[in-house]
1. Could you go through segment 63-78 and let me know if any residue there is of a type in the set (Val, Ile, Thr), in a loop (DSSP other than H, G, I, E, B), on the phi < 0 side of the Ramachandran plot and modelled with pLDDT of 95 or more.
2. Write out, first by first residue and then by second, each pair whose Cβ atoms fall under 9 Å of each other, whose residues are 6+ apart or on separate chains, and whose first residue, in segment 35-58, is in contact (Cβ under 8 Å) with a residue 40 or more places away in the chain while the second is in a loop (DSSP other than H, G, I, E, B).
3. Read through the list (1) more than 30 Å from residue 130 (Cβ to Cβ); (2) surrounded by 10 or more Cβ atoms within 10 Å (Cβ to Cβ), then give the number of the only condition that residue 49 fails.
4. Is segment 10-27 home to any residue that is touching a residue at least 40 places away in the same chain (Cβ under 8 Å), within 40 Å of the chain's Cα centre (by Cα) and assigned to a loop (DSSP other than H, G, I, E, B)?
5. Of all residues in segment 70-108, how many are in contact with a Leu (Cβ under 8 Å, 6 or more places away or on another chain) and of a type in the set (Gly, Ala, Ser)?
6. Check segment 60-75 and report whether any residue there is under 30 Å from residue 134 (Cβ atoms), of a type in the set (S, T, N, Q) and surrounded by 10 or more Cβ atoms within 10 Å (Cβ to Cβ).
Amino acid sequence: MNLSNLKPAEGSTKNRKRIGRGTGSGRGGTSTRGHKGAGSRSGTSTKVGFEGGQMPLQRRVPKVGFKNPNRVEYVSLNLDALQILADTHSLTSIDFEVLKEYGLASRNDLVKVLGRGELKAKLEVKAHAFSATAQAAIEAAGGSIVKL
């Protein structure tokens, strides 16, 4: 085998159909475009979602709901997760860098500490937001909170 005798695998390539080149092509006359109408002429196009004059789907389906453009999305982190983190890695302070390091938050996340679970460790917790129950539980365990 060399470069002079390379060719595509058998059946992998086809010749294109030259449409509209006389009756001898087997596709003469209307050239597979049907009879008359806009679709048979050159330069036709229909807009996206056009259904032949029937009311299109995006107009049949009702508008619903409201998306608040000012909504702030937080990654939630519960007290039981903080307790597990403090126990397994013997931490006294939990901040955003620690959460990123252990995969509980990523670079652009905002973290909110929520109050599910029980916290026994005395921790200094730094996060973007705290629920009232989480704040009370952290302070009851002898820890402190810092809002970022």
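1. no
2. That search, which allows pairs on different chains as well, returns nothing.
3. Checking residue 49 against (1) more than 30 Å from residue 130 (Cβ to Cβ); (2) surrounded by 10 or more Cβ atoms within 10 Å (Cβ to Cβ), the one that fails is (2).
4. no
5. The total comes to 5.
6. No, every residue in segment 60-75 fails to be under 30 Å from residue 134 (Cβ atoms), of a type in the set (S, T, N, Q) and surrounded by 10 or more Cβ atoms within 10 Å (Cβ to Cβ).
The values are calculated or read from the model by the stated rules, or taken from the named source; none is laboratory data. Since the model is a prediction, treat every value here as computed from it, not as a measurement. Using ideal geometry, Cβ is built from the backbone for each residue, glycine included, and neighbour counts are taken over all protein chains shown.
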